[in-house]
Amino acid sequence: MSTVTLYNEKKTTLAPQLRFQEFDRDWEENKVGELCDSIVPGRNKPTNFEGNIPWITTPDIEHNAIINYSKKGLNVSREEAKKVGSKIVPVNSIIISCVGELGLSAIAGKEIIINQQLHAFIPKEKIEYRFLLYQLNLKKKYMDKVATKTAVPYMNKDNCNSIPISFPTFSEQKKIASFLCAVDEKIQQFSRKKELLEEYK
(Lines give C-alpha, C1' and ligand atoms only; values in the text may rest on other atoms or scores of the structure.)
Protein backbone atom coordinates (compact mmCIF):
# COMPACT_ATOMS: atom_id res chain seq x y z
CA MET A 1 0.00 0.00 0.00
CA SER A 2 1.31 3.45 -0.91
CA THR A 3 2.48 5.70 1.91
CA VAL A 4 0.82 8.59 0.11
CA THR A 5 -2.89 9.19 0.45
CA LEU A 6 -5.40 11.82 -0.54
CA TYR A 7 -6.31 14.15 2.30
CA ASN A 8 -9.66 15.90 1.97
CA GLU A 9 -11.36 18.28 4.35
CA LYS A 10 -14.40 20.48 3.98
CA LYS A 11 -12.71 23.35 5.75
CA THR A 12 -10.16 25.58 4.05
CA THR A 13 -6.70 24.16 4.58
CA LEU A 14 -3.15 25.06 3.61
CA ALA A 15 -2.19 21.41 3.39
CA PRO A 16 -1.93 19.82 -0.07
CA GLN A 17 -4.35 17.06 -1.02
CA LEU A 18 -1.58 14.55 -1.65
CA ARG A 19 0.17 13.68 1.61
CA PHE A 20 1.97 10.89 3.42
CA GLN A 21 -0.77 9.02 5.23
CA GLU A 22 0.75 9.28 8.72
CA PHE A 23 0.33 13.07 8.75
CA ASP A 24 -3.01 14.84 9.13
CA ARG A 25 -2.33 18.12 10.94
CA ASP A 26 -3.03 21.30 9.03
CA TRP A 27 -0.21 23.44 7.68
CA GLU A 28 0.71 26.93 8.84
CA GLU A 29 1.79 29.94 6.81
CA ASN A 30 4.18 32.75 7.67
CA LYS A 31 6.59 35.13 6.02
CA VAL A 32 9.99 33.59 5.42
CA GLY A 33 11.55 36.49 7.32
CA GLU A 34 9.69 35.33 10.44
CA LEU A 35 10.84 31.73 9.98
CA CYS A 36 14.48 32.46 9.21
CA ASP A 37 17.29 34.81 10.02
CA SER A 38 18.58 36.48 6.89
CA ILE A 39 21.84 37.80 5.55
CA VAL A 40 21.72 40.74 3.17
CA PRO A 41 25.17 41.60 1.78
CA GLY A 42 26.40 45.17 1.94
CA ARG A 43 27.80 47.17 -0.96
CA ASN A 44 31.45 46.80 0.01
CA LYS A 45 33.16 44.06 -1.96
CA PRO A 46 36.29 42.23 -0.80
CA THR A 47 39.49 43.24 -2.58
CA ASN A 48 41.67 40.38 -1.37
CA PHE A 49 40.69 36.89 -2.52
CA GLU A 50 43.38 34.80 -0.86
CA GLY A 51 41.32 33.21 1.92
CA ASN A 52 39.47 29.90 2.22
CA ILE A 53 35.81 30.97 2.33
CA PRO A 54 34.18 30.82 -1.14
CA TRP A 55 32.98 34.17 -2.55
CA ILE A 56 29.68 33.26 -4.22
CA THR A 57 27.98 35.25 -6.99
CA THR A 58 24.91 34.51 -9.13
CA PRO A 59 26.82 32.53 -11.82
CA ASP A 60 27.88 30.10 -9.06
CA ILE A 61 24.24 29.28 -8.28
CA GLU A 62 22.94 26.12 -9.93
CA HIS A 63 19.26 25.67 -9.17
CA ASN A 64 18.63 23.27 -6.25
CA ALA A 65 22.34 22.46 -6.04
CA ILE A 66 24.66 22.38 -3.04
CA ILE A 67 27.15 25.24 -3.28
CA ASN A 68 30.67 24.47 -2.04
CA TYR A 69 32.96 26.60 -4.18
CA SER A 70 33.35 29.65 -6.39
CA LYS A 71 33.58 28.73 -10.07
CA LYS A 72 36.18 31.47 -10.48
CA GLY A 73 38.17 30.19 -7.52
CA LEU A 74 37.52 33.34 -5.47
CA ASN A 75 37.94 32.86 -1.71
CA VAL A 76 37.91 35.33 1.17
CA SER A 77 39.59 35.22 4.58
CA ARG A 78 37.70 35.94 7.80
CA GLU A 79 39.88 39.00 8.28
CA GLU A 80 38.96 40.37 4.84
CA ALA A 81 35.28 39.61 5.43
CA LYS A 82 35.36 41.51 8.72
CA LYS A 83 37.22 44.40 7.08
CA VAL A 84 34.52 44.97 4.42
CA GLY A 85 31.57 44.02 6.64
CA SER A 86 30.69 40.77 4.86
CA LYS A 87 28.77 38.23 6.93
CA ILE A 88 29.64 34.55 6.70
CA VAL A 89 26.70 32.40 5.59
CA PRO A 90 26.51 29.17 7.64
CA VAL A 91 26.16 25.63 6.31
CA ASN A 92 22.61 24.59 5.25
CA SER A 93 21.47 28.15 4.65
CA ILE A 94 19.32 28.70 1.57
CA ILE A 95 20.64 31.14 -1.02
CA ILE A 96 18.34 32.86 -3.53
CA SER A 97 19.04 35.27 -6.36
CA CYS A 98 17.35 38.63 -5.87
CA VAL A 99 18.58 40.52 -8.94
CA GLY A 100 17.93 39.68 -12.59
CA GLU A 101 16.78 36.08 -12.79
CA LEU A 102 14.83 35.96 -9.54
CA GLY A 103 14.40 32.85 -7.44
CA LEU A 104 17.41 30.76 -8.37
CA SER A 105 17.97 28.83 -5.16
CA ALA A 106 20.65 26.60 -3.68
CA ILE A 107 21.96 25.21 -0.39
CA ALA A 108 25.20 26.36 1.23
CA GLY A 109 27.21 23.14 1.59
CA LYS A 110 29.89 24.93 3.60
CA GLU A 111 30.49 28.40 5.00
CA ILE A 112 30.34 30.93 2.17
CA ILE A 113 30.18 34.68 1.58
CA ILE A 114 27.67 36.06 -0.94
CA ASN A 115 27.62 39.20 -3.04
CA GLN A 116 24.89 41.84 -3.21
CA GLN A 117 22.82 40.03 -5.85
CA LEU A 118 22.07 37.17 -3.47
CA HIS A 119 20.11 36.78 -0.24
CA ALA A 120 20.61 34.08 2.42
CA PHE A 121 17.99 32.53 4.69
CA ILE A 122 19.13 30.72 7.86
CA PRO A 123 16.22 28.50 8.97
CA LYS A 124 15.16 28.62 12.61
CA GLU A 125 14.17 25.49 14.54
CA LYS A 126 10.70 25.26 12.97
CA ILE A 127 11.94 24.90 9.40
CA GLU A 128 13.85 22.09 7.68
CA TYR A 129 16.33 23.67 5.28
CA ARG A 130 15.69 21.35 2.30
CA PHE A 131 11.92 21.81 2.69
CA LEU A 132 12.45 25.58 2.64
CA LEU A 133 14.39 25.26 -0.62
CA TYR A 134 11.50 23.45 -2.30
CA GLN A 135 8.94 25.91 -0.93
CA LEU A 136 10.91 28.86 -2.28
CA ASN A 137 10.93 27.15 -5.67
CA LEU A 138 7.14 27.55 -5.72
CA LYS A 139 7.27 31.31 -5.16
CA LYS A 140 8.72 32.54 -8.47
CA LYS A 141 5.46 34.30 -9.46
CA TYR A 142 5.33 36.06 -6.09
CA MET A 143 8.93 37.21 -6.47
CA ASP A 144 8.23 38.58 -9.95
CA LYS A 145 5.18 40.39 -8.57
CA VAL A 146 6.91 42.17 -5.66
CA ALA A 147 10.19 42.89 -7.44
CA THR A 148 11.03 46.48 -8.31
CA LYS A 149 10.35 46.90 -12.02
CA THR A 150 13.47 48.35 -13.61
CA ALA A 151 15.60 47.29 -16.59
CA VAL A 152 16.92 44.61 -14.24
CA PRO A 153 14.28 43.46 -11.70
CA TYR A 154 15.40 43.17 -8.09
CA MET A 155 14.02 42.40 -4.65
CA ASN A 156 15.18 44.32 -1.61
CA LYS A 157 15.41 42.90 1.90
CA ASP A 158 11.74 43.56 2.69
CA ASN A 159 10.62 41.93 -0.56
CA CYS A 160 12.72 38.84 0.12
CA ASN A 161 11.60 38.51 3.72
CA SER A 162 7.93 38.92 2.76
CA ILE A 163 7.79 35.69 0.73
CA PRO A 164 4.96 33.56 2.21
CA ILE A 165 5.87 30.00 3.18
CA SER A 166 3.38 27.22 3.96
CA PHE A 167 4.73 24.49 6.22
CA PRO A 168 3.64 21.43 8.25
CA THR A 169 5.22 19.89 11.35
CA PHE A 170 8.99 19.49 11.28
CA SER A 171 8.74 15.70 10.95
CA GLU A 172 6.49 16.01 7.90
CA GLN A 173 8.84 18.61 6.41
CA LYS A 174 11.74 16.16 6.76
CA LYS A 175 9.82 13.37 5.06
CA ILE A 176 8.72 15.61 2.19
CA ALA A 177 12.24 16.96 1.74
CA SER A 178 13.80 13.48 1.75
CA PHE A 179 11.27 12.27 -0.82
CA LEU A 180 11.83 15.24 -3.13
CA CYS A 181 15.62 14.94 -2.80
CA ALA A 182 15.37 11.28 -3.82
CA VAL A 183 13.25 12.24 -6.84
CA ASP A 184 15.78 14.91 -7.83
CA GLU A 185 18.61 12.39 -7.53
CA LYS A 186 16.80 9.93 -9.81
CA ILE A 187 16.18 12.68 -12.38
CA GLN A 188 19.87 13.62 -12.30
CA GLN A 189 20.85 9.97 -12.78
CA PHE A 190 18.58 9.65 -15.82
CA SER A 191 19.93 12.93 -17.21
CA ARG A 192 23.51 11.69 -16.85
CA LYS A 193 22.61 8.40 -18.57
CA LYS A 194 20.96 10.33 -21.42
CA GLU A 195 24.07 12.49 -21.85
CA LEU A 196 26.30 9.41 -21.95
CA LEU A 197 24.06 7.71 -24.52
CA GLU A 198 24.11 10.81 -26.71
CA GLU A 199 27.92 10.84 -26.56
CA TYR A 200 28.02 7.31 -27.99
CA LYS A 201 25.64 8.06 -30.88
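The values are calculated or read from the model by the stated rules, or taken from the named source; none is laboratory data. Computed from a predicted model, the values in this text were never measured in an experiment. Don't worry about glycine lacking a Cβ; one is built from the backbone with ideal geometry, like all the others, and counts go over all protein chains shown.
Of 151, 120, 108, which residue is buried (at least 20 other Cβ atoms within 10 Å of the Cβ) and over 17 Å from residue 31 (Cβ atoms)?
108
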Taking interchain pairs and intrachain pairs at least six residues apart, which have beta carbon atoms under 8 angstrom, with the first residue in the range 101-123 and among the charged types (D, E, K, R) and the second modelled with pLDDT of 95 or more and buried (at least 24 other Cβ atoms within 10 Å of the Cβ)?
110/54; 111/89
Answer with yes or no whether residue 80 is charged (D, E, K, R), farther than 18 Å from residue 153 by Cβ and surrounded by fewer than 17 Cβ atoms within 10 Å (Cβ to Cβ).
no
Taking the range 47-72 as the region of interest, how many residues are in contact (Cβ under 8 Å) with a residue 40 or more places away in the chain and outside any loop (DSSP other than H, G, I, E, B)?
7
Taking strands (runs of 3 or more DSSP E) that do not extend beyond the range 73-135, which have at least 1 residues that are among the hydroxyl-bearing types (Ser, Thr, Tyr) and touching a Leu at 6+ places or on another chain (Cβ under 7 Å)?
94-97, 105-108
What about residue 145, is it over 16 Å from the mean Cα position of the chain (by Cα), under 25 Å from residue 69 (Cα atoms) and not in a strand (DSSP E or B)?
no
